[in-house]
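Here is the structure we will look at, set down as structure tokens.
Each value in this text was obtained by applying a stated rule to the coordinates, not by laboratory testing. Everything quoted here is computed from the prediction, not taken from an experiment. Virtual Cβ from ideal backbone geometry, glycine too; neighbours counted across all protein chains shown.
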């Protein structure tokens, strides 16, 4: 934890988490691979975290982000000795990043990148 003195230029001080660090984070990956094909499913969790806790404005004592859980997928298929096809999906659950303003938890900004898919092929000469 980090001690912030004189928040918002006043006589108010608080102990808050260190900027940029979540209290909890975890990831889990389930995969199966052979020489011919493989698939991988991953999930990543990050709890709330602050980016600034030093009174960034007159009406906010901190800025931070809410917790997120992202799910990604990837797979490959080795068509023959030379050709490999791959498929990747990122943010399958379409999770948005929510930035909040103040410890009163006012939503400040919501960013949605959407789901992203990649289809690729590689060929060895």
TODO: Provide the FRET efficiency to the nearest 0.05 for the residue 33-residue 108 pair, computing r from the beta carbons and using R0 = 35 Å.
DONE: 0.25
TODO: Normalising by the residue count of segment 41-119, find the relative contact order in percent from Cα pairs under 8 Å and 6+ residues apart.
DONE: 27
Task: Efficiency of FRET from Cβ geometry, residue 115 and residue 81, R₀ 30 Å, rounded to 0.05 - done: 0.35
Task: Additional length obtainable on full extension of the chain from residue 97 to residue 48, 0.36 nm per residue less Cα span - done: 16.6 nm
TODO: For a footprinting-style exposure proxy, rank 52, 35 by other Cβ within 10 Å, fewest first.
DONE: 35, 52
Task: Radius of gyration, Dmax [segment 20-123; alpha carbons; angstrom] - done: 19.1, 64
Open item on the list: Order 37-44, 118-125 from most to least packed using the mean count of other Cβ atoms within 10 Å.
Closed with: 37-44, 118-125
- [ ] Mind checking the full-extension length gain between residue 23 and residue 66? Use 0.36 nm per residue of separation minus the Cα-Cα distance, one decimal, nm.
- [x] 14.3 nm
